[in-house]
Amino acid sequence: MSSTGAVVVPDLRDTEGALYLGVVIAAFLQGMLTVQAFHYFEQYPKDYKILKALVAFLWCLNFAHLGLLIDIPWIRLILNWGDSSVFRRNTKVLSFQLVLVAIPTVLCQSFYLHRLWRFSKRNYALVGVLGCAIWAGFALEIFLAVVTTSSPKAYLNDRPHIIALFSLAAGSDLAIALSLVYYLKCEMGAIRNAVAPASTGYETETRRETNFVLTRVIRYAVGTGLLTSLSAILSLILMLVSPQSRVFMASHVLLGRLYTNALFANLNSRANLRQKLQGPITTSTMLQPPVFTIPSVRADEYALGNVKSGEASTLPAGHVNVGVSVSVVQEYSEIVYDGRNRNGYGQVC
């Protein structure tokens, strides 16, 4: 009576199982991304075409990435069911999906870096260093995508590159967020200097409302950098603790989608900031920072509203000029607005 050798089935919990959990979470995040994209196009139909194209392009990239993630368990667990050798062979789709993580990541980071460049009054040194870190991370991601096509275990020999990738991602996100907070804090200091503590009436109300909005912007900046940094740090820790498994990949495949969700949330938050600053705005030209004329205290807060070009700006005697500080909110709210304070007002840092 002959006996056949039992087929040894590898433990898939920390390899295919981890990737499967990553696919499930990615599908959930893609649903959130779709809702945010729909809300963006409904809420901002008159936004700049380049911004709308960026939103559409990022959504398509993440949708294509989700398709690749779904294809991985389909190939390895369905089409090759019972063939344990498939787990010793590399699935090129697993390598190609790294490219679709890298592109949304670098686009979103570049978007935040461009905002920092304007808030910092074109600080080339700061933006240059952070830009090099961002694109170095992108290059490492593409390098790993190419290398891992040769062997499913190739990433074990490239641990220094993977550690550098996650470290650059976490460090650059935190640096951008903290830099944004620094420059926004400078503008809040400008408001405190412009409005004396003993001021009453609309001057004090102006300071309170503008500080509230700037505080909200700071929270968005911190939240954006913190979420993506924690994801990169988690991937790094999982890589160091369990290098033989693919648990760290389950966290990494979510990174591009986390960046995109954070970006869409920032874009969609502009309506709330406008509501908080409800009021008239007049300015001499479209390229000048807005200057507010507040004739009386309003029950509603003043807002950015629609900037009217070709009208002379007025500021009655005794009124506080908060246009420069509010122009920071204009930067955040309109994103690609290019008017900045060029006379140095408001810089207390």
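The values are calculated or read from the model by the stated rules, or taken from the named source; none is laboratory data. From a predicted model like this one, the values you see are computed outputs, not experimental measurements. Here the Cβ is made from the backbone with ideal geometry for all residues, glycine too, and neighbour counts use every protein chain on show.
Quick rundown of the values:
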| item | result |
| --- | --- |
| Restricting the stretch 228-279 to residues that are within 29 Å of Pro45 (Cβ to Cβ) and among the hydroxyl-bearing types (Ser, Thr, Tyr), the residue that is farthest from the chain's Cα centre (by Cα) | Ser269 |
| Residue match in the stretch 86-100 (condition: at pLDDT below 85 and in contact with a Pro (Cβ under 6 Å, 6 or more places away or on another chain)) | yes |
| Residues satisfying the stated conditions in the stretch 34-69, i.e. farther than 18 Å from Val253 by Cα, among the small types (Gly, Ala, Ser) and in contact (Cβ under 8 Å) with a residue 12 or more places away in the chain | Ala37, Ala56 |
| Criterion: in contact with a Phe, Trp or Tyr (Cβ under 7 Å, 6 or more places away or on another chain), outside any loop (DSSP other than H, G, I, E, B), at pLDDT 70 or above and of a type in the set (S, T, N, Q) - qualifying residue of Asn266, Asn272 | Asn266 |
| Residue satisfying all of: in the stretch 118-157; at pLDDT below 90 and farther than 30 Å from Gln244 by Cβ; surrounded by the fewest Cβ atoms within 10 Å (Cβ to Cβ) among these | Arg122 |
| One residue from Thr206, Thr224 being at pLDDT below 85, in a helix (DSSP H, G or I), closer than 22 Å to Met32 by Cα and touching a Phe, Trp or Tyr at 6+ places or on another chain (Cβ under 8 Å) | Thr224 |
